[in-house]
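Asks: Have a look at the structure that comes next, please.
The values are calculated or read from the model by the stated rules, or taken from the named source; none is laboratory data. What you are looking at is a predicted structure, and each value in this text was computed from that prediction instead of being measured. Here the Cβ positions follow ideal geometry from the backbone for every residue, glycine too, while neighbour counts run over all protein chains shown. In case anyone asks, the SASA skips ligands and DNA or RNA and just uses the protein heavy atoms, side chains included. Shrake-Rupley method; radii C 1.70, N 1.55, O 1.52, S 1.80 Å.
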Amino acid sequence: MPTVTVNRDHLFSLLGKTYADDEFDKLCFEFGVELDDITTEAEMARKEKGKEGEKVSASEEVVYKIDVPANRYDILCMEGLVRALRIFLGHDQPPTYRMLQPPTLERVTVRAETASVRPFVVAAILRGVEFTERSYSSFIDLQDKLHHNICRKRTLVAIGTHDYATVQGPFTYEALPPSDIAFRPLNQTRTFRADELMQFYKDDNKLKHFLHIIQDSPVYPVIMDRQRVVLSLPPIINSEHSKIRLETRDVFIECTATDLTKAEIVLNTMVAMYSQYCTEPFTVEPVEVFYESTQQLSVYPNVEARTATASVKYIQTVTGIPNEELSGEKMAELLTRMCLPTSFGTDGDILSVSVPITRSDVLHACDIAEDVAIAYGYNNVKRKIPSTPTIGRQQPLNKLTDLLRLELANAGYTECLTMALCSRDENFKLLRRPDDLSAATIGNPKTFEFQVARTTLLPGLLKTLFENKDHPLPVKLFEVSDVVLKTRDSDVGTANVRRVAALFTSLNSGFEVIHGLLDLLMTKLSVANYRIEGLEGSAGDGVFFPGRQARILVNDQPIGVLGVLHPEVLANFGLSYPASAMEFDLHPFL
């Protein structure tokens, strides 16, 4: 969960009341956030930097560290948190956001080349902003929190804020070769080309984490004004030319993105939080965005509240609170306290909820029900015996799995728990099995080690044996876990299948040891009609040595295989001693 750090005394002054620590902790719980820590800036510096932190000049004023839900972007800063708490306490009403209507709207023109790197941009202007040191720090801090949260470390959205008085519109959003972009980046004294910046910031503790987003692209995104002055090189850094200062009065906000929906949420959050400092509070000047490639013209931001509906009966069912305690009128009152102005319909069952731009987390009626429960108070929900009695018990498959694990461990085998994903070669080629496209494939794997969902447990056991090849012989390993198989009988196209696999290695292959283990397990499972049948020729499994392999049958149905591992398979996994293995499905025994 994201953490918001706020000065306690300043927070209380904005709330209009001084709380004891336990009182504020209770208020946080009732609102749905958590008071995580009570500390000071000096103490935080000492914890973070040790002895060096003792030399840092930091305030001894008390600060609260408050954990907030990850989807509540509107309370990631002091402004949003105070506003939400004051509305929750009944001191204020939810604000109404308005669009200013200047004679001519500012425009950002998007060139077609940006489609290959960061195709979207949204923008807005805040007029007559009056920053203080606290609000300025909060303004910068919120951008960092959004970048690490909804923006996914700037991969989805990057925020740029500029002193509108220092630039001249209309603006262009372009994608140019790095050598064609030159500007003075934020807090620097000289001009850099964009390719030079990549080298300059590669050791920067903060910015080095974002360079990879565009570094390998042949063109870099850049926002320029009418005079071709660079405003920002998203998602890396803004220009010193348009830097926001305490004296700034008009703020130009732009968000470039690979996800347009996320960009709109981020822009709305920035506008909603800091428009309260405008000459006309809670107003914003819109900006046109024109896409040259499609001739599409859009206006941002959209500050109109959207309408969501929820059934009173549905909310009562979800929360477990009866009608006599929680009527529709009461729900409307509670939702308004959660920044969701609500009216109760004449039909007696439908709530009409006005969802402001700050509440992008409200997507479904269940989200509305959750806010009703929070405002009502979870501790106020009366405990009662469920109308439908149920008896909890372990899933049969898991119970059988645990029993088999115990028997395998008693037989002297060591349990392994390996990754459910592996490389395609490990699943097929290294086992001498043909790649029949039976494995569920990861669409965009970040590493070759995790390309497919395994269809057998053997690669995991063989890799574990390789990592422990210096262990004294014999080595006995087992795993009882799931593989993933494609099937037309599942709505997702795949199904998990629980399997048992065991591996034995020593100076000899130990086929009789694995066979004996199989006999033991079948005895424990009380399987009378079980046998093994040798595999020859084309029916054989490439993972095992020819003539030293068999299929396992129960009631004449094949459930698995066992045999001596082929020398090529052992060599593929870096093993030098002979080994035997078995693997079979567990589902037929349920």
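Asks: Of (1) loosely packed, with under 10 Cβ neighbours inside 10 Å; (2) not in a helix (DSSP H, G or I), residue 394 satisfies all except one. Which?
Replies: The failed condition is (1).
Asks: Still on this structure, I have one more. Can you tell me how many residues within segment 328-358 are of a type in the set (Ser, Thr, Tyr), open to solvent by 30 Å² or more (accessible area, probe 1.4 Å) and either assigned to a helix (DSSP H, G or I) or touching a residue at least 12 places away in the same chain (Cβ under 8 Å) (or both)?
Replies: Applying the first criterion (of a type in the set (Ser, Thr, Tyr)) to segment 328-358 yields 336, 342-343, 346, 352, 354, 358.
This time we only want the ones that are open to solvent by 30 Å² or more (accessible area, probe 1.4 Å), so: 336, 343, 346, 352, 354.
Among the residues that remain, those that are also either assigned to a helix (DSSP H, G or I) or touching a residue at least 12 places away in the same chain (Cβ under 8 Å) (or both) are: 336, 352, 354.
Final tally of qualifying residues: 3.
Asks: Something else: Report, ordered by the first and then the second residue, all pairs with beta carbons closer than 6 Å, sequence separation of six or more or different chains, a first member in segment 88-117 that is part of a loop (DSSP other than H, G, I, E, B), and a second member that is of a type in the set (Ser, Thr, Tyr).
Replies: Here the result reads 100/283; 117/217, each pair linking segment 88-117 to a residue that is of a type in the set (Ser, Thr, Tyr).
Asks: Looking at segment 526-534, is at least one residue closer than 23 Å to residue 496 by Cα and in contact with a Leu (Cβ under 8 Å, 6 or more places away or on another chain)? Can you show your working first?
Replies: Initially, segment 526-534 is screened for residues closer than 23 Å to residue 496 by Cα, giving none.
Checking segment 526-534: not a single residue is closer than 23 Å to residue 496 by Cα and in contact with a Leu (Cβ under 8 Å, 6 or more places away or on another chain).
Asks: Out of all the residues in segment 410-429, is one or more hydrophobic (A, V, I, L, M, F, W, C), more than 21 Å from residue 513 (Cβ to Cβ) and not in a loop (DSSP other than H, G, I, E, B)? Talk me through it step by step, then tell me what you get.
Replies: Initial filter on segment 410-429 (hydrophobic (A, V, I, L, M, F, W, C)): 411, 416-417, 419-422, 428.
Narrowing the set further to residues that are more than 21 Å from residue 513 (Cβ to Cβ) leaves 417, 419-422, 428.
From what's left, not in a loop (DSSP other than H, G, I, E, B): 421-422.
Yes: segment 410-429 contains one or more residues that are hydrophobic (A, V, I, L, M, F, W, C), more than 21 Å from residue 513 (Cβ to Cβ) and not in a loop (DSSP other than H, G, I, E, B).
Asks: I'd like to verify a number: residues in segment 362-391 that are of a type in the set (D, E, K, R), out of contact with any Gly (no Cβ under 9 Å at 6 or more places or on another chain) and either open to solvent by 60 Å² or more (accessible area, probe 1.4 Å) or over 12 Å from residue 310 (Cα atoms) (or both), how many?
Replies: Within segment 362-391, the subset of a type in the set (D, E, K, R) is 367, 370-371, 382-384.
Of the ones still in play, those that are also out of contact with any Gly (no Cβ under 9 Å at 6 or more places or on another chain) are 367, 383.
Applying the additional criterion that residues be either open to solvent by 60 Å² or more (accessible area, probe 1.4 Å) or over 12 Å from residue 310 (Cα atoms) (or both) yields 383.
Selection size over segment 362-391: 1.
Asks: Restricting attention to segment 219-234, report how many residues are among the basic types (Lys, Arg) and part of a strand (DSSP E or B). Before you say what the answer is, go through the steps one by one.
Replies: Narrowing segment 219-234 to residues among the basic types (Lys, Arg): 226, 228.
From the residues that got through so far, the ones that are part of a strand (DSSP E or B) too are none.
Total meeting the criteria: 0.
Asks: Moving to a separate point now. Out of segment 350-403, which residues are among the charged types (D, E, K, R) and out of contact with any Cys (no Cβ under 8 Å at 6 or more places or on another chain)? Show your work before the answer.
Replies: Of all residues in segment 350-403, those among the charged types (D, E, K, R) come to 359, 361, 367, 370-371, 382-384, 393, 399, 402.
Of everything in segment 350-403, those that are among the charged types (D, E, K, R) and out of contact with any Cys (no Cβ under 8 Å at 6 or more places or on another chain) turn out to be 361, 367, 370, 371, 382, 383, 384, 393, 399, 402.
Asks: I've got another one for you. When you check residue 460 against the structure, is it open to solvent by less than 30 Å² (accessible area, probe 1.4 Å) and either aromatic (Phe, Trp, Tyr) or in contact (Cβ under 8 Å) with a residue 60 or more places away in the chain (or both), yes or no? So that I can check it myself, show each step before the final result.
Replies: Details: open to solvent by less than 30 Å² (accessible area, probe 1.4 Å): yes; either aromatic (Phe, Trp, Tyr) or in contact (Cβ under 8 Å) with a residue 60 or more places away in the chain (or both): no.
Spelling it out, it is not the case that residue 460 is open to solvent by less than 30 Å² (accessible area, probe 1.4 Å) and either aromatic (Phe, Trp, Tyr) or in contact (Cβ under 8 Å) with a residue 60 or more places away in the chain (or both).
Asks: Also, I was wondering about something else. Hey, can you tell me all the residues within segment 144-165 that are in contact with a strand residue (DSSP E or B) (Cβ under 9 Å, 6 or more places away or on another chain), within 20 Å of residue 285 (Cα to Cα) and outside any strand (DSSP E or B)? Before the answer, list the steps.
Replies: The initial filter retains those residues of segment 144-165 that are in contact with a strand residue (DSSP E or B) (Cβ under 9 Å, 6 or more places away or on another chain), namely 145-147, 150-151, 156-164.
Those still in the list that are within 20 Å of residue 285 (Cα to Cα) too: 159-164.
Matches in segment 144-165: 164 only.
Asks: Determine which single condition residue 479 fails, assuming it passes every other condition in (1) in contact with a Gly (Cβ under 8 Å, 6 or more places away or on another chain); (2) of a type in the set (Asp, Glu); (3) open to solvent by 80 Å² or more (accessible area, probe 1.4 Å).
Replies: (3)
Asks: I would also like to ask the following. Of all the residues that make up segment 540-589, how many are acidic (Asp, Glu) and closer than 26 Å to residue 473 by Cα? Give the steps one after another, and end with the answer.
Replies: Quick first cut of segment 540-589, residues acidic (Asp, Glu) only: 541, 556, 568, 583, 585.
Within this subset, residues satisfying the condition of being closer than 26 Å to residue 473 by Cα are 568, 583.
Residues meeting the conditions: 2.
Asks: Would you please name the residue that is farthest from residue 457 (Cα to Cα), looking only at residues in segment 540-590 that are among the polar types (S, T, N, Q) and open to solvent by 20 Å² or more (accessible area, probe 1.4 Å)? I'd like the intermediate steps shown before the answer.
Replies: Kept after step one, since they are among the polar types (S, T, N, Q), are these residues of segment 540-590: 549, 555, 557, 572, 576, 580.
So of that shortlist, the ones also open to solvent by 20 Å² or more (accessible area, probe 1.4 Å) come out as 555, 557, 572, 576.
Details: 555: 24, 557: 21, 572: 16, 576: 20 Å.
Among them, the one singled out is 555.
Asks: So, one more: Show me the strands (runs of 3 or more DSSP E) entirely contained within segment 242-320 in which 1 or more residues are open to solvent by less than 50 Å² (accessible area, probe 1.4 Å) and under 30 Å from residue 373 (Cβ atoms). Give the steps one after another, and end with the answer.
Replies: On the way: elements: 251-257, 283-291, 296-300, 306-311.
Result: 306-311.
Asks: All but one of (1) closer than 24 Å to residue 289 by Cα; (2) open to solvent by less than 10 Å² (accessible area, probe 1.4 Å) hold for residue 192, so report the exception by its number.
Replies: The number of the failed condition is (1).
Asks: All but one of (1) closer than 29 Å to residue 359 by Cβ; (2) loosely packed, with under 15 Cβ neighbours inside 10 Å hold for residue 180; which doesn't?
Replies: Here residue 180 meets the rest and fails (1).
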